[in-house]
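A.B. asks: Quick one: this structure, given as C-alpha coordinates, is what I'll be asking you about.
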Amino acid sequence: MAGLFDKIKKDVKKGIEEGIAVVKEGASVVSGKIGELTAEGKRQYKMFDLKMKIQNQMTALGGRAYDVLDSKKSPAADGTVKAVFAKIKKLEGQLRKIEGGNGAKAAAPRKPAMKAKATTKKIARASAKKRALKTAQKISK
(Lines give C-alpha, C1' and ligand atoms only; values in the text may rest on other atoms or scores of the structure.)
Protein backbone atom coordinates (compact mmCIF):
# COMPACT_ATOMS: atom_id res chain seq x y z
CA MET A 1 0.00 0.00 0.00
CA ALA A 2 2.80 2.36 0.84
CA GLY A 3 4.25 1.87 -2.66
CA LEU A 4 0.93 2.77 -4.31
CA PHE A 5 0.54 5.84 -2.10
CA ASP A 6 4.08 6.99 -2.87
CA LYS A 7 3.48 6.50 -6.60
CA ILE A 8 0.24 8.52 -6.48
CA LYS A 9 1.93 11.20 -4.39
CA LYS A 10 4.82 11.36 -6.89
CA ASP A 11 2.41 11.54 -9.89
CA VAL A 12 0.35 14.28 -8.25
CA LYS A 13 3.49 16.27 -7.46
CA LYS A 14 4.70 15.82 -11.06
CA GLY A 15 1.26 16.89 -12.39
CA ILE A 16 1.29 20.01 -10.21
CA GLU A 17 4.80 20.95 -11.35
CA GLU A 18 3.85 20.47 -15.00
CA GLY A 19 0.65 22.48 -14.48
CA ILE A 20 2.59 25.33 -12.91
CA ALA A 21 5.08 25.28 -15.81
CA VAL A 22 2.21 25.45 -18.32
CA VAL A 23 0.56 28.31 -16.41
CA LYS A 24 3.87 30.22 -16.31
CA GLU A 25 4.38 29.71 -20.04
CA GLY A 26 0.79 30.77 -20.75
CA ALA A 27 1.24 33.85 -18.59
CA SER A 28 4.35 34.89 -20.52
CA VAL A 29 2.50 34.41 -23.84
CA VAL A 30 -0.46 36.43 -22.56
CA SER A 31 1.90 39.11 -21.30
CA GLY A 32 3.50 39.34 -24.74
CA LYS A 33 0.13 39.55 -26.47
CA ILE A 34 -1.02 42.25 -24.05
CA GLY A 35 2.11 44.22 -24.88
CA GLU A 36 1.40 43.90 -28.61
CA LEU A 37 -2.22 44.92 -28.20
CA THR A 38 -1.25 47.87 -26.02
CA ALA A 39 1.24 49.08 -28.61
CA GLU A 40 -1.37 48.74 -31.39
CA GLY A 41 -3.92 50.61 -29.28
CA LYS A 42 -1.46 53.45 -28.74
CA ARG A 43 -0.72 53.57 -32.47
CA GLN A 44 -4.42 53.68 -33.33
CA TYR A 45 -4.96 56.48 -30.79
CA LYS A 46 -2.07 58.52 -32.21
CA MET A 47 -3.48 58.09 -35.71
CA PHE A 48 -6.94 59.21 -34.55
CA ASP A 49 -5.45 62.19 -32.73
CA LEU A 50 -3.48 63.27 -35.82
CA LYS A 51 -6.57 62.90 -38.02
CA MET A 52 -8.54 65.12 -35.65
CA LYS A 53 -5.75 67.73 -35.68
CA ILE A 54 -5.70 67.64 -39.49
CA GLN A 55 -9.47 68.10 -39.57
CA ASN A 56 -9.26 71.07 -37.21
CA GLN A 57 -6.51 72.66 -39.29
CA MET A 58 -8.51 72.14 -42.48
CA THR A 59 -11.48 73.83 -40.85
CA ALA A 60 -9.25 76.74 -39.88
CA LEU A 61 -7.82 76.84 -43.41
CA GLY A 62 -11.28 76.93 -44.94
CA GLY A 63 -12.40 79.74 -42.65
CA ARG A 64 -9.29 81.76 -43.35
CA ALA A 65 -9.56 81.19 -47.11
CA TYR A 66 -13.18 82.35 -46.98
CA ASP A 67 -12.21 85.53 -45.14
CA VAL A 68 -9.39 86.26 -47.59
CA LEU A 69 -11.59 85.62 -50.63
CA ASP A 70 -14.35 87.74 -49.11
CA SER A 71 -11.91 90.65 -48.92
CA LYS A 72 -11.14 90.13 -52.66
CA LYS A 73 -7.56 89.01 -52.04
CA SER A 74 -5.68 85.91 -53.18
CA PRO A 75 -5.49 83.09 -50.60
CA ALA A 76 -2.14 82.00 -52.05
CA ALA A 77 -0.62 85.34 -51.00
CA ASP A 78 -1.94 85.18 -47.42
CA GLY A 79 0.64 84.23 -44.80
CA THR A 80 -1.87 82.61 -42.45
CA VAL A 81 -3.19 80.38 -45.22
CA LYS A 82 0.36 79.30 -46.05
CA ALA A 83 1.14 78.62 -42.38
CA VAL A 84 -1.98 76.50 -41.85
CA PHE A 85 -1.26 74.63 -45.09
CA ALA A 86 2.28 73.89 -43.86
CA LYS A 87 0.90 72.60 -40.53
CA ILE A 88 -1.48 70.28 -42.38
CA LYS A 89 1.35 68.91 -44.53
CA LYS A 90 3.48 68.32 -41.43
CA LEU A 91 0.63 66.48 -39.68
CA GLU A 92 -0.01 64.38 -42.79
CA GLY A 93 3.67 63.39 -42.82
CA GLN A 94 3.47 62.34 -39.18
CA LEU A 95 0.32 60.35 -39.92
CA ARG A 96 1.96 58.54 -42.86
CA LYS A 97 4.94 57.72 -40.65
CA ILE A 98 2.71 56.20 -37.96
CA GLU A 99 0.64 54.33 -40.53
CA GLY A 100 3.88 52.93 -41.89
CA GLY A 101 3.17 54.07 -45.42
CA ASN A 102 5.27 55.90 -47.92
CA GLY A 103 2.56 58.36 -48.81
CA ALA A 104 0.41 56.13 -50.95
CA LYS A 105 -2.79 55.10 -49.31
CA ALA A 106 -3.90 51.53 -49.87
CA ALA A 107 -6.90 51.51 -52.13
CA ALA A 108 -9.84 49.46 -50.99
CA PRO A 109 -10.70 46.67 -53.40
CA ARG A 110 -13.56 47.70 -55.62
CA LYS A 111 -16.54 45.58 -56.40
CA PRO A 112 -17.21 44.94 -60.06
CA ALA A 113 -19.75 47.34 -61.51
CA MET A 114 -21.80 44.80 -63.45
CA LYS A 115 -25.07 46.65 -63.09
CA ALA A 116 -23.59 49.96 -64.19
CA LYS A 117 -22.19 48.43 -67.37
CA ALA A 118 -25.45 46.67 -68.16
CA THR A 119 -27.39 49.87 -67.57
CA THR A 120 -25.00 51.82 -69.80
CA LYS A 121 -25.44 49.27 -72.59
CA LYS A 122 -29.22 49.41 -72.25
CA ILE A 123 -29.20 53.19 -72.45
CA ALA A 124 -26.90 53.11 -75.47
CA ARG A 125 -29.16 50.58 -77.20
CA ALA A 126 -32.29 52.60 -76.39
CA SER A 127 -30.78 55.82 -77.71
CA ALA A 128 -29.59 54.01 -80.87
CA LYS A 129 -33.12 52.70 -81.41
CA LYS A 130 -34.56 56.20 -80.99
CA ARG A 131 -32.12 57.61 -83.50
CA ALA A 132 -32.93 54.83 -85.95
CA LEU A 133 -36.67 55.52 -85.57
CA LYS A 134 -36.19 59.27 -86.08
CA THR A 135 -34.05 58.64 -89.13
CA ALA A 136 -36.61 56.22 -90.53
CA GLN A 137 -39.41 58.74 -89.93
CA LYS A 138 -37.46 61.52 -91.70
CA ILE A 139 -36.73 59.26 -94.66
CA SER A 140 -40.38 58.14 -94.97
CA LYS A 141 -41.66 61.75 -95.02
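The values are calculated or read from the model by the stated rules, or taken from the named source; none is laboratory data. Quick caveat, the model's predicted, so the values are computed rather than measured. Please note: Cβ atoms are built from the backbone with ideal geometry, for glycine as well, and neighbour counts cover all protein chains shown. What goes into the accessible areas is simple: the full protein's heavy atoms, side chains included, and nothing from ligands, DNA or RNA. Shrake-Rupley method; radii C 1.70, N 1.55, O 1.52, S 1.80 Å.
A.B. asks: Would you please list the contacts, defined by Cβ atoms under 7 Å and residues six or more apart or on different chains, that run from a residue in the range 71-88 that is touching a residue at least 24 places away in the same chain (Cβ under 8 Å) to a residue that is part of a helix (DSSP H, G or I) and open to solvent by less than 60 Å² (accessible area, probe 1.4 Å)?
C.D. replies: If the second residue must be part of a helix (DSSP H, G or I) and open to solvent by less than 60 Å² (accessible area, probe 1.4 Å), the pairs left are 84/57; 84/60; 84/61; 85/61; 87/57; 88/54; 88/57; 88/61.
A.B. asks: Residue check: is residue 53 at pLDDT 90 or above, of a type in the set (D, E, K, R) and in contact with a Leu (Cβ under 6 Å, 6 or more places away or on another chain)?
C.D. replies: Yes, satisfied.
A.B. asks: Just name the residue that is surrounded by the fewest Cβ atoms within 10 Å (Cβ to Cβ) out of those in the range 34-55 that are in contact (Cβ under 8 Å) with a residue 24 or more places away in the chain and more than 16 Å from residue 100 (Cβ to Cβ).
C.D. replies: 53
A.B. asks: Any residue that is modelled with pLDDT of 90 or more, of a type in the set (S, T, N, Q) and surrounded by fewer than 12 Cβ atoms within 10 Å (Cβ to Cβ) - is there at least one of those in the range 95-104?
C.D. replies: no
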